[in-house]
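Only one structure is covered here, and it is reproduced in the block below.
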Amino acid sequence: MAERERRRSRAGGTGDAAGKPSGRPDRARAGRREPAAGRAAPLAPGDTIELTLDGLAAEGDAVGRYRGMAVFVPWGAPGDRVLARVVEVKPRYARAIPERVLAPAPGRARPACPLFATCGGCRLQHLTYPEQLAWKRRLVTDALERVGRLPEPPVLPTLGMDPPWYYRNKAAVPVRRRPDGRVEMGFFAPGTHRVVDFAAHGCAIQHPVINRVAAALRRWLEEDPAGRATSTYDEARHQGLLRHLVVRVGLRTGEALAGLVINGESLPGEERLARFLCREVPELVGVVKNLHRRPGNVILGDETVLLAGRPWLVDELGGLRFRISLESFYQVNPVQAERLYRVALDYALGDAGPIARGEGRVPVRPERPGADPSRWPGAGSRRAGEPGRPGAPGGKGPWVIDAYAGIGTLALLAAARLGLGGTRPGPGRGAAGPRGAVAGGEAAGPVAAPTGPGRVAGVSPGDGGLAGDAGGMPAGAGQGAPDRAAAEKGDPSLAPAGEDEGHALVTAIEVVPEAIADAAANAALNGIGGVQFLTGEVETILPELARRAAAGGRRPDVILLDPPRKGCEPAALAACLALAPRRIVYVSCNPVTLARDLAVLCDTGSAAAPRLPRPAGDRPRYRLVQVQPVDMFPQTAHVECVAWLERGG
């Protein structure tokens, strides 16, 4: 899912075989011809050349060939004929800056944002949207073929967004003050830490509320005496106070949360500033400060302090409600996230027969953004326990493991589809369930109304319209693997609830305790039971579950993998093979590491696949059934995709 807040790297470029940013351009579309060893390169810095661009690299640069050497050109479109100036020459490739487009490609478009090619946020605005979708599909296909050694991979057309603008529900905006006292807020220019100020235009891909919060903070810093006395952060000297403004917005609920990231303890007039922001932007339900005193380019520190309202917002996704704090992982494009998760759950829990026989595809309804997600199959369409509902409490059902669960979005949607609901809250209990009964030790009381100026309609206890009935805490709340040693000793909390009975169960694994606390609170908020929350590293917990399965314990039916950009650790992949579920569904924001990991699961013999520990017995081999790219980040070079694997291919 690209940015992926806490878990996703912001490093540009593609990844190497280990999934780490390599600093080298992706040459998937550049061909294989290279200058012979010892032969002088055909280009030198400063050369001006005519070049026909015929491909697109993973980070968004166009690529062409000049006398056999690959040349990467930013802001070019496949099919362009350009005049370009060479700025860098390496043994196997060169970089050039376009001076003039001599003949534009059919897929070239006029960028909608006047800051395009200056700001580093969008790389593909110069392509028509259908062209963007086509090239993202090709990037996924190329990675699977080249890195994963998966011939003719079954990659479907990319699911696009309509309209592909103003979709980001989160932004981290650096704040800098110029020598004349004016404030710059925006995003970094490509390859630099120079802020490109979007004051006059806002940002065309982030939610308008984010632009309004940024404008209000700018007015405070330039006009209020306390604001003028606030210094901004100088990264080179590690001096100055205000580093970033972080804003999150609930697309469905309209709630917003603002965070002020500071290199210190407090801001001048910070409580008055919080009230000012809430008054200027009524959608704000809370303002917090995040204390971040360490040098470096990591955006958030470890401590967050409430200044006004409440330290989290509530949003809806897939018919469920989610509590989201400043640090929580939550998809930045919820419209496309609903489609992504629906595809993942159709792959995981749907009828695989027609697809596996090549007679059709998983039904993904092409509704426009904003369609009622509660009408998805299994998302609140029946009450928990009704006859005929797969996995209804009291009957048999699958065990689904959601690895890298974050705040439980996919796990809870899976539980809702399986009908794992609770009971309606009784008197005196809010929709968030009883206090104190959560994993990670954080209390989950009733959803509080925002306080202070700018309060908006929140989530009232007992609100309807959720997937499943509202009710008590999910089964397994509070079950956490505290550390690797405890897991290796066979912590009994790892045993899946209902193991002997074979009841439907969803197990969510997440390394961040605060995210697990949010996940448990979200389960209670939506009245979902039958979810087991485990705190720890996936590469620690999955092997322990595999050891228990080898000793006669229950084996999962489905494993959902949704790792960060670096992909899965080898120990996690080895555990998946040892657990041998019938189906694995892999959600990826990096086609290169997806291809590397599928090479392991499908045993393709790719050199990119990491070595795994020698198994005690034969490992299963998985068959790649289908891959669905989803455009989570229109106008950028990032693409998300869902891969469906079946055991025994």
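The values are calculated or read from the model by the stated rules, or taken from the named source; none is laboratory data. Remember, predicted model here, so these are calculated numbers, not experimental data. Using ideal geometry, Cβ is built from the backbone for each residue, glycine included, and neighbour counts are taken over all protein chains shown. Note: areas computed on protein heavy atoms with side chains; ligands, DNA, RNA excluded. Shrake-Rupley method; radii C 1.70, N 1.55, O 1.52, S 1.80 Å.
Of all strands (runs of 3 or more DSSP E) completely enclosed by segment 178-266, which ones contain at least 1 residues that are open to solvent by 10 Å² or more (accessible area, probe 1.4 Å)?
Hits in segment 178-266: 183-188, 195-197, 242-249.
Has segment 303-317 got any residue that is closer than 30 Å to V630 by Cβ and touching a Phe, Trp or Tyr at 6+ places or on another chain (Cβ under 6 Å)?
Within segment 303-317, one or more residues are closer than 30 Å to V630 by Cβ and touching a Phe, Trp or Tyr at 6+ places or on another chain (Cβ under 6 Å).
Only residues that are open to solvent by less than 60 Å² (accessible area, probe 1.4 Å) and either more than 14 Å from V73 (Cβ to Cβ) or hydroxyl-bearing (S, T, Y) (or both): list them for segment 104-117, please. I'd like the intermediate steps shown before the answer.
Going through segment 104-117, the residues open to solvent by less than 60 Å² (accessible area, probe 1.4 Å) turn out to be 105, 107, 109, 111, 113, 115-117.
Within segment 104-117, G107, A109, P111, C113, L115, F116 meet the criteria.
Taking segment 124-162 on its own, how many of its residues are in a loop (DSSP other than H, G, I, E, B) and in contact with a helix residue (DSSP H, G or I) (Cβ under 7 Å, 6 or more places away or on another chain)?
11
Report, by residue number, each residue of segment 601-612 that is open to solvent by 10 Å² or more (accessible area, probe 1.4 Å) and either modelled with pLDDT of 95 or more or among the acidic types (D, E) (or both).
Residue satisfying the conditions is D603 alone.
A571 is checked against (1) among the hydrophobic types (A, V, I, L, M, F, W, C); (2) surrounded by fewer than 21 Cβ atoms within 10 Å (Cβ to Cβ); (3) over 30 Å from A58 (Cβ atoms) and fails just one. What number does that condition carry?
Answer for A571: the failing condition is (3).
Assess whether P295 counts as being surrounded by fewer than 21 Cβ atoms within 10 Å (Cβ to Cβ) and either part of a strand (DSSP E or B) or modelled with pLDDT under 95 (or both).
Yes, satisfied.
Need pairs with beta-carbon distance below 6 Å; first residue closer than 20 Å to A112 by Cβ and within segment 202-225, second in a helix (DSSP H, G or I) and open to solvent by 20 Å² or more (accessible area, probe 1.4 Å); sequence gap 6+ or separate chains.
G202/N211
Of (1) modelled with pLDDT of 90 or more; (2) open to solvent by less than 20 Å² (accessible area, probe 1.4 Å); (3) over 29 Å from E646 (Cβ atoms); (4) touching a strand residue (DSSP E or B) at 6+ places or on another chain (Cβ under 7 Å), Y330 satisfies all except one. Which?
Only one criterion is unmet by Y330, namely (1).
Among the residues of segment 500-539, what is the count of those that are of a type in the set (S, T, Y) and either open to solvent by 10 Å² or more (accessible area, probe 1.4 Å) or under 19 Å from the mean Cα position of the chain (by Cα) (or both)?
The total comes to 1.
Which residue pairs have Cβ atoms under 7 Å apart, sit 6 or more places apart or on different chains, and have a first residue in segment 630-649 that is closer than 16 Å to A134 by Cβ and a second that is in a loop (DSSP other than H, G, I, E, B) and among the acidic types (D, E)?
Within 7 Å, the pairs are A637/E59; V639/D631.
I'm trying to understand the selection: among the residues of segment 163-175, which are open to solvent by 40 Å² or more (accessible area, probe 1.4 Å) and out of contact with any helix residue (DSSP H, G or I) (no Cβ under 8 Å at 6 or more places or on another chain)?
P163, W165
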